[in-house]
1. Being more than 18 Å from V234 (Cβ to Cβ), assigned by TED's automatic domain parsing to the domain that holds K197 and not aromatic (F, W, Y) is the requirement here; does E54 meet it?
2. Being over 20 Å from the mean Cα position of the chain (by Cα) and either within 29 Å of I55 (Cα to Cα) or in contact (Cβ under 8 Å) with a residue 24 or more places away in the chain (or both): is that true of G227 here?
3. What do you reckon, is A144 surrounded by 21 or more Cβ atoms within 10 Å (Cβ to Cβ) and either of a type in the set (S, T, N, Q) or assigned by TED's automatic domain parsing to the domain that holds V72 (or both)?
4. Tally the residues that are out of contact with any Cys (no Cβ under 8 Å at 6 or more places or on another chain), hydrophobic (A, V, I, L, M, F, W, C) and closer than 25 Å to L107 by Cα, restricting the search to region 29-69.
5. Quick one: what pairs do we get from region 55-71, first residue touching a residue at least 60 places away in the same chain (Cβ under 8 Å), second outside any helix (DSSP H, G or I) and of a type outside the set (D, E, K, R), C-beta under 8 Å, 6+ apart or different chains?
6. Are there any pairs with C-beta distances below 6 angstrom linking a residue in region 118-138 that is assigned by TED's automatic domain parsing to the domain that holds Q154 to a residue that is part of a strand (DSSP E or B) and surrounded by fewer than 21 Cβ atoms within 10 Å (Cβ to Cβ), with the two at least 6 apart or on different chains, and if so which?
7. Kindly indicate whether any position in region 230-251 is outside any helix (DSSP H, G or I) and under 22 Å from S31 (Cα atoms).
8. What about V198, is it under 24 Å from A150 (Cα atoms) and at pLDDT below 95?
Amino acid sequence: MRRVKLGLKGPVVSEICFGSLAISPLQGRVSLEEGRNVLEYAFASGIDWVDTAEIYDNYEQLRPVLDKYPEVKVVSKSYAVTATELRQSLEKARKGLNRDVIDIFMLHEQESHLTLKGHAQAWQALLEAKANGLVNYIGISTHAVQGVKAGALQPGLDIIHPLVNYQGLGIIDGTLEEMLASIAFAAELGIGIYAMKVFGGGHLANNPEKALQFVRSVPGIQAMALGMSSRQEVDFNLALVSNQEIPEKLRQSVLYRDKKLYFADWCQGCGKCLAACPQKALYLKNGKAEVRAERCVLCGYCGRECIHFCLKIV
């Protein structure tokens, strides 16, 4: 797997970052130990950085594997607004992951210059943490066109983690074309960029080659975070980026295994997914979306309407 440099000032890393949400308690796909085994397998296979966040609640899960691989770089993210909250989040990551220095630390899900303005105290604390050697690089994650634009102009920012895929699924404030223009703008300023939701939260997994090649073809994107919860998914994704022929048995184990519609805990019960379901399989219960499994055909139409990626086919 090729190695890339994140922007002008960022680190050199593998093209794929291990997205640990897929093995975290937040998604509940695998046990803590199963997740550790997948993560260790990924590191042994050449992936040399991992993406997590305070909200994933998986520092304990990651720590034993990271102890075995001290050279692996770590990204974490925080919703902190105040300086005190940011310092607490960073200290929680340092202790929880057993790292004196967090390689990349980000403000989570920033939407625009107004969002960043509201997080100004946290950003200043992040700049201070970098100056004091507690963090190597700082940045933001975002699902928004305006988030990318604002991040590119944020003083001291090194890296942006934007949502991008070939259908623009999940962009909250504009079109795919606008997102690509914002990414190009940030890249021209030397910002490091690694993509998220390459497979659209699982809804573009029917054509993974197209999904991955699209993101790789976008000027300015150097790398991508891919969520993986099995060794087969690690092998599959590594074969994809290496342009290797994927054995049919491996393809079937990843793409054609028994699947179900999964609802994340952060579902807000907005009801948009209900209107999008042609089978009338979804309903609200106690303020959350639920599914009548006997009606669900796993078409994925519901997921296209959820800007928070609460619905996944897993």
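1. When the stated conditions are applied, E54 passes them.
2. Considered against the rule, which asks whether it is over 20 Å from the mean Cα position of the chain (by Cα) and either within 29 Å of I55 (Cα to Cα) or in contact (Cβ under 8 Å) with a residue 24 or more places away in the chain (or both), G227 comes out as no.
3. The answer is yes for A144.
4. 6
5. none
6. Pairs found: L126/I138; K130/I138; N136/D103.
7. The answer is yes; a qualifying residue exists.
8. Taking the combined requirement at face value, the residue satisfies it.
The values are calculated or read from the model by the stated rules, or taken from the named source; none is laboratory data. On a predicted model such as this, the values are computed, not experimentally measured, just so you know. Heads up, the Cβs are rebuilt from the backbone with ideal geometry, glycines too, and the neighbour counts pull from every protein chain shown.
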